[in-house]
Amino acid sequence: SVKTSGKGSFRFFDQQFYEALRQQLEFEQELRRAIEHDEFVVHYQPRMDLASSRATSMEALVRWLHPRRGLLEPAEFIPLAEKTGMIVRLGELVLGKVCGQLAQWAAREANVVPVSVNISSRQFNETDIARVFSGAMARHNVAPSLLEIELTESSMMGGSSHVLESLSKIRAMGIKLLVDDFGTGYSSLAQLQLLDFDVLKVDKAFTSRIEQTEQGRILFAAIITMAHALGMRVVAEGVETGKQLSILRALRCDEVQGYFISLPQAAAEAQSVLLSPVA
Ligand code: C2E
Ligand code: MG
Ligand code: MG
Ligand code: MG
């Protein structure tokens, strides 16, 4: 450990260190318990098709309904869940909730759109994800055409044969594959083509640049051209202004998602968005 001049300051450092460690361990215990007791809810954020101005799909985004701290966003607990491996169990919990919700919507509502689920690379590496999906679909009697999978570039890069095999099994089942946060990770364009993805979701960093600079627009246009040439649809993430929306229309982007269209919302509110054109 670090040598300090005064004994007092060393003790102070020590105490802070142990306090931080204690808090981290406590949070880990809480997360473990939250998974056992299921303290999670799923919010849904629509993606809008620019041709029809209708929602074509919704993304499932998990929130932790913490007994003392209220509703926690993924940024506050997903990193710990990833680090500890709890993400595998949490991911299955989310998938179960989504399938249950889809079954309910399919039974009661006229407008049901597919739901995309964010999947961690650990779920791909440590489980048979195709089996996890077919199990959840069978339990809730949900058609594969109602599910989509979002994967980040980094999570599939250096793709082991196990991961590649899982991806092609999933696609053969009729579940669409989406690349999430495109442009932020290590990307290999060749690998994108190899893996046969259906949809490219371009990270919000690129969306915000289209109304700031000409280069930003040129870059986005090039991504769209590339994706279309590879047979993928393009979704702009993080659309926050009407100006961004009109530029994206002009660039022939296929779909948009973001606060300007709709916030992520509880299931009932998200469902009502499907009844009318969005923006
Ligand atoms: P993501 O998959 O890229 O999801 C999009 C995030 O951007 C969401 O944050 C969403 O609320 C936010 N967002 C949507 N529109 C806008 C906008 O117009 N402006 C801005 N600034 N942000 C917008 P959220 O819900 O906090 O989720 C953060 C991340 O946590 C997700 O990023 C995803 O990587 C992860 N995540 C969420 N749910 C799950 C899950 O069930 N499993 C796993 N493995 N990861 C999840
Ligand atoms: Mg996502
Ligand atoms: Mg994203
Ligand atoms: Mg993200």
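The values are calculated or read from the model by the stated rules, or taken from the named source; none is laboratory data. Because the structure is predicted, anything quoted here is derived from the model rather than measured. Neighbour counts run over all protein chains shown; Cβ positions are idealised from the backbone, glycine included. Keep in mind that these areas ignore ligands, DNA and RNA; they rest on the heavy atoms of the full protein, side chains included. Shrake-Rupley method; radii C 1.70, N 1.55, O 1.52, S 1.80 Å.
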Could you tell me what a quarter of the Cα convex hull surface of segment 1-117 works out to, in nm² with one decimal place? 11.1 nm²
Given a 1.4 angstrom probe, what's the average accessible area per residue across the chain, in square angstrom? 50 Å²
Vicinal HN-Hα couplings computed from phi for segment 46-53 (Karplus, 6.51 cos²θ - 1.76 cosθ + 1.60; Hz; Gly/Pro x): x, 10, 9, 7, 6, 5, 9, 6
Order by protection proxy (mean Cβ within 10 Å, highest first), peptides 52-59, 108-115: 52-59, 108-115
For segment 96-146, how big is Rg over Rh, using alpha carbon atoms and the Kirkwood form of Rh? 1.01
Based solely on C-alpha atoms, express the radius of gyration and the Dmax of segment 54-213 in angstrom. 16.2, 49
For the chain, what are the DSSP H helices with axial Cα length of 18 Å or more and mean Kyte-Doolittle hydropathy of at least -1.0? 87-108, 214-229
With N set to the number of residues, divide the alpha-carbon radius of gyration of segment 238-279 by 2.2 N^0.38 Å and report two decimals. 1.24
Could you tell me the number of lysine pairs in the chain with C-alpha atoms less than 24 Å from each other, where the two lysines are 8 or more residues apart or belong to different chains? 9
Tell me, what is a quarter of the convex hull surface for the C-alpha atoms of segment 53-109, in nm² with one decimal? 5.6 nm²
So which chymotrypsin sites (Phe, Trp or Tyr not before Pro) in segment 15-122 end up in coil per DSSP with only 16 or fewer other C-beta atoms within 10 Å? none
Amide H neighbours of Glu148 under 5 Å, at least 5 residues apart or on other chains, H built in the peptide plane: list them. Val115, Ser116, Val117
Expected vector for segment 145-155, Karplus 3J(HN,Hα) from phi with 6.51, -1.76, 1.60 and θ = phi - 60°, integer Hz, x for Gly and Pro, equals 5, 8, 10, 9, 10, 9, 10, 7, 4, 4, 6
What fraction of the Cα pairs in the chain, stated in percent, has a spacing above 32 angstrom? 31 percent
